[in-house]
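What follows is one structure encoded as structure tokens, with my remarks underneath.
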Amino acid sequence: MTVLLIVVIALVGLLVYMIKMPGESFRGALPPLDEGGRELALKLERHVETLCINPAGRHYLEKKGLAAARDYIAAQFEASGYAVGFQSYEFGGDDYANIEVTRAGNRLVDEVIVVGAHYDAVVGAPGANDNGSGVAALLELARRFVDIELPRTLRFVAFVNEEPPHFLTGTMGSDAYARRAARQRENIVAMFALETIGYYRDDPGSQHYPPPLNLFYPQQGNFIAFVGNLRSRALVTRSLRAFRQHARFPSEGIAAPAFIPGVDWSDHRSFWKQGYPALMITDTAPYRYPWYHSAQDTPDKVDYQRMVYVVDGLAKMIEALARGE
């Protein structure tokens, strides 16, 4: 057997390991939304619109908008019945804060599932899909679990400073959060980063990928993606299996090396750095969304009705994992 053949076999094996996922993605027409679903769509829309209300944005340069988003998120958590905590840290002479609430487990209380989304937006963009959609889902998921008794502890966190110049650096809010968790030796058994989850298209050619993934995944941008690194593969497969068992919405998954562009482009990366299993749940952002990081990332671009199916599926997935299923 030649060296080249060995290399080819190894690469094929790695690719199969990356893309082979349990269950089947939902296919066919989505079921009509019931009254509860329509109400949830309106709530999601109101969250996104409120987060985008400041014309100057919400980012490290526009502190008024960032503070308004922080206060809104905290108020929504409180309205759901949570005691709100803030993790503050300093950067460039200014204070920034992650916002967290916890639903303590009743048996496996030290086993923590973190669900997070960053609430800042890139400079120059309203940030409706990136990442108002993720924050809106975070708020409604937290609301859903406030009175549910589960074995594992759930923690819902809105992270600050995910966007540049903090992106992929130690000044990300999630980086500060994950470092604190590691120092305190918290047993985070799963972390989910909700990142840009509100844009879907059915037309062929609406979905793009870094090569060679375009050879193996759908060309229609109508699915939600579960993205992890190789070390988090077990979490990716377990989460996607649970989502597919309960959700009626298309889904795809991958566990890939972080050097593939996009695999580590959110807050889950901060948890990988501390050795925690983590993944990103996303509509694939720039690989699908035409208005990514632009002034056109406005609330009217977000598909709130399809987000309902995603949020419902994620709620059932989180509950299953919190029960240890």
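The values are calculated or read from the model by the stated rules, or taken from the named source; none is laboratory data. None of these values were measured; they are calculated from a predicted model. Here the Cβ is made from the backbone with ideal geometry for all residues, glycine too, and neighbour counts use every protein chain on show.
The set of residues from the range 252-281 being under 25 Å from GLU111 (Cβ atoms), of a type outside the set (Lys, Arg) and not in a loop (DSSP other than H, G, I, E, B) comprises GLY253, ALA255, HIS268, SER270, PHE271, TRP272, ALA278, LEU279, MET280, ILE281.
Among the criteria (1) assigned to a strand (DSSP E or B); (2) crowded, with 16+ Cβ neighbours inside 10 Å; (3) not hydroxyl-bearing (Ser, Thr, Tyr), the one PHE86 does not fulfil is (2). Considering the range 139-153, the residues that are outside any strand (DSSP E or B) and touching a Leu at 6+ places or on another chain (Cβ under 6 Å) include one that is surrounded by the most Cβ atoms within 10 Å (Cβ to Cβ), namely PHE145.
Residue-wise test of (1) farther than 18 Å from MET21 by Cβ; (2) assigned to a helix (DSSP H, G or I); (3) not hydroxyl-bearing (Ser, Thr, Tyr).
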site	(1), (2), (3)
ALA181	yes, yes, yes
ARG185	yes, no, yes
ALA190	no, no, yes
LEU194	yes, no, yes
TYR209	no, no, no
GLN220	no, no, yes
VAL227	no, no, yes
SER239	no, yes, no
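Residues of the range 246-284 that are of a type in the set (S, T, N, Q) and in contact with an Asp or Glu (Cβ under 7 Å, 6 or more places away or on another chain): SER266, SER270, THR282.
Counting only residues that are more than 15 Å from PRO32 (Cα to Cα) and surrounded by fewer than 21 Cβ atoms within 10 Å (Cβ to Cβ), the range 288-314 holds 10 of them.
Scan the range 95-138 for residues that are in contact with a helix residue (DSSP H, G or I) (Cβ under 7 Å, 6 or more places away or on another chain), among the acidic types (Asp, Glu) and either within 17 Å of ASP71 (Cα to Cα) or surrounded by fewer than 22 Cβ atoms within 10 Å (Cβ to Cβ) (or both) and the total you get is 1.
When the residues of the range 154-173 are filtered to those that are assigned to a strand (DSSP E or B) and in contact with a Ser or Thr (Cβ under 9 Å, 6 or more places away or on another chain), the one that is nearest to ARG58 (Cα to Cα) is PHE159.
The conditions of being part of a loop (DSSP other than H, G, I, E, B) and either in contact (Cβ under 8 Å) with a residue 12 or more places away in the chain or under 30 Å from GLU325 (Cβ atoms) (or both) are not met by GLU111.
Does at least one position in the range 1-14 carry a residue that is hydrophobic (A, V, I, L, M, F, W, C), more than 18 Å from ILE224 (Cβ to Cβ), modelled with pLDDT under 95 and not in a helix (DSSP H, G or I)? Yes: one or more hits.
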